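The values are calculated or read from the model by the stated rules, or taken from the named source; none is laboratory data. Predicted model, so just to flag it, every value in this text is computed and none were measured. No Cβ is skipped: glycine too gets one built from the backbone with ideal geometry, and neighbour counts run over all protein chains shown. SASA here: full protein model, heavy atoms, side chains in, ligands and nucleic acids out. Shrake-Rupley method; radii C 1.70, N 1.55, O 1.52, S 1.80 Å.
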Amino acid sequence: MSDGKAARQGICILGATGSIGASTLDVLGRHPDLFRVVALTANSNVDALVDLCRRFEPELAAIGDASLAGRLAQELRKAGLRTTASGGPDALVQAARLGSVDCVVAAIVGAAGLSATLAAARAGKRLLLANKEAIVCAGSLLLEAVRGSRANLLPVDSEHNAIHQCLAAARDANHAVKRLILTASGGPFLRRTDLAGVTPEQACAHPKWNMGRKISVDSATLMNKGLEVIEASWLFGFAPDRIDVVIHPQSVIHSLVEFVDGSVLAQMGTPDMRTPIAYALGFPERIASGSPRLDLLQAGPLQFEAPNQEQFPCLRLAYQALRAGPAACIALNAANEVAVDSFLKRELPFVRIPAVIQEVLARCSGGPPGSIEAVLELDREARRETRTLLTRSTWTS
Ligand code: NAD
Ligand code: MG
């Protein structure tokens, strides 16, 4: 194409006001010649969304909470912007499908992002996946949609992004690769032996990564790594016994692939999500991300240790759910979302989170869901179950 502007990729960010949203916009802002921001979405923070619209002037801004659509439209008008406002869960789906969108960055947190992420895949958009809960809940449907529409799925989660990079060295990953090794920082409580009385502030103070509150708590319980094992299993087609987790507190190696010949490839870098985001945005080219460069002389010794599954049972529960099947993975995720929310509201003690999930998993039954409606129904059921459990029992003591 001769017109440079017309050749720019149109980007939609689902969850633009979050941590991944901000990192993505930072990378996009460095490459106005390559990308233009076409659609931005948020859940309920109208002011933050309007601020982003002022900076990036997208065609469309969508707010998840339908009752805020009027205020969003008003604020956009007041700001003198031509951005169209829309609201409600359907508006998120519409944003993902927009004709002028080439690439969708799925950065909503939780199963709430599933419908719009799936819509992007079905519409054949290039899909940059950060929203791991979407693939944990609906891996089969999402991959089927990607195949069906010939969409391109690129993982943003740093571990999966690292594995994607390492797998470039394999012609046939299934035969060439022995196992995938996901690294985990260990979270803020790696060296803490007594987790009683842990506060949301302590759980969210991650030593290496600056992230949204839900994923920060997941990192503290190691459920984040559990969700990532399930995510890796879907993305790369590996059974659970070929996916290992190793604690690596420095967060310099973002994951590794062990090949049958004994070679082990690792991807390294400073812990900054702009690196995997830039990789996914630019793929197969490489573009600058703004991340500080890795200084090996400053990185210090790199350590590795086995995860303590006694103290952090969530990782074991995630493997258990993965082996049990898709319905169990949906229940695991839903119970975790409800339990984490309850912990963040200071209702449920941190140490009880795994027990709540275990209890919900034990009650879960059902075969693999064949449709998005079935996934969402299983998700709602598990949430109901978890909430009932939280009110009925004495979890809070
Ligand atoms: P965040 O809480 O900072 O942002 C979440 C975004 O989703 C916000 O824009 C929010 O408005 C939107 N949102 C929340 N609930 C919504 C709903 N019900 N409907 C519509 N929109 C909703 O979260 P984050 O840290 O940016 O994480 C986003 C996703 O990326 C998560 O799935 C997380 O696991 C994954 N991820 C994050 C990081 C990281 O470094 N932050 C790294 C790897 C993967
Ligand atoms: Mg990760």
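So with the 1.4 Å probe, I'd like the accessible area per residue for the chain, rounded to whole Å².
Ligands and nucleic acids excluded, the result is 43 Å² per residue.
Please work out whether the stretch 299-397 counts as rounded, prolate or oblate from its C-alpha gyration tensor, where a ≥ b ≥ c are the square roots of the eigenvalues and a/c under 1.5 means rounded, while otherwise a/b larger than b/c means prolate and anything else oblate?
Numbers: a/c = 2.16, a/b = 1.27, b/c = 1.69.
Oblate.
Using the Cα gyration tensor of the stretch 113-258, with a ≥ b ≥ c the square roots of its eigenvalues, what is the shape: rounded (a/c below 1.5), prolate (a/b larger than b/c) or oblate (neither)?
Note, shape of the stretch 113-258 comes out oblate.
In nm, what is the difference between 0.36 nm times the number of residues separating Q358 and A299 and their Cα-Cα distance?
Additional length available on full extension: 17.5 nm.
Using helices alone, I'd like the mean residue ellipticity at 222 nm for the chain: each DSSP H run of four-plus residues gives -39500 (n - 2.57), total over residue count, nearest 500. Walk me through the numbers on the way to the answer.
Values: 17 runs with 184 residues, N = 397.
Rounded to the nearest 500, the figure is -14000 deg cm²/dmol.
Take the alpha carbon gyration tensor of the stretch 216-302, find the square roots of its eigenvalues, order them as a ≥ b ≥ c, and report rounded if a/c is under 1.5; if not, report prolate when a/b exceeds b/c, else oblate.
Cα axes put the stretch 216-302 in the rounded bin.
Suppose we keep just the DSSP beta bridges with both residues in the chain; what percent of those would be antiparallel, to 5?
For the chain, the DSSP antiparallel bridge percentage is about 30.
Which one of P292, P249, P155 has the biggest mean-square fluctuation once the chain is modelled by GNM with Cα springs under 10 Å?
P292
Once label points are set 7 Å from the Cα along Cα→Cβ at both A288 and N174, what is their separation, rounded to one decimal in nm?
According to this spin-label approximation, the distance is 4.2 nm.
May I ask you to evaluate 6.51 cos²θ - 1.76 cosθ + 1.60, the Karplus curve with θ = phi - 60°, for each residue of the stretch 219-236 and list the ³J(HN,Hα) values in order in whole Hz, giving x for glycine and proline?
Here the 3J(HN,Hα) series is 5, 6, 8, 6, 4, 4, 5, x, 4, 6, 5, 5, 4, 5, 4, 6, 4, 10 Hz.
Convert each backbone phi in the stretch 61-68 into a coupling constant with the Karplus relation 6.51 cos²θ - 1.76 cosθ + 1.60 (shift: θ = phi - 60°), then list the ³J(HN,Hα) values in order as whole Hz, x for Gly and Pro.
Ordered by residue, 3J(HN,Hα) equals 10, 10, 10, x, 7, 4, 5, 9 Hz.
Rounded to the nearest percent, how much of the accessible area of the chain (1.4 Å probe, protein heavy atoms only) is carbon and sulfur?
Carbon with sulfur: 49 percent of the solvent-accessible area.
Whose amide H sits under 5 Å from the amide H of T41, counting only residues 5 or more places off or on another chain, with H placed in the peptide plane?
I13, G15, A16, A62
Which chymotrypsin sites (Phe, Trp or Tyr not before Pro) in the stretch 294-394 pass both tests, a DSSP loop state and at most 15 other beta-carbon atoms within 10 Å?
Numbers: sites: F304, Y319, F343, F350; in loops: F304.
Taking the stretch 294-394 and a limit of 15 other Cβ atoms within 10 Å, the loop chymotrypsin sites (Phe, Trp or Tyr not before Pro) found are F304.
Enumerate the amide H contacts of K178 below 5 Å, restricted to partners 5 or more residues apart or on another chain; note that Pro and chain-start residues carry no placed amide H.
Amide H neighbours of K178: E258, F259, V260.
Expressed as a rounded percentage, what relative contact order does the stretch 82-213 have, with Cα pairs under 8 Å and six or more residues apart?
Details: 134 pairs, mean separation 21.0, N = 132.
Dividing the mean separation by the residue count of the stretch 82-213 yields 16 percent.
Using a simple charge model, +1 on the beta-carbon of Lys and Arg, -1 on the beta-carbon of Asp and Glu, nothing else, what dipole does the chain show about its Cα centre, in debye to the nearest 20? Intermediate values should be presented prior to the final figure.
Numbers: 41 positive and 39 negative charges, 100 e Å.
Using Cβ point charges on Lys, Arg, Asp and Glu, the chain gives about 480 debye.
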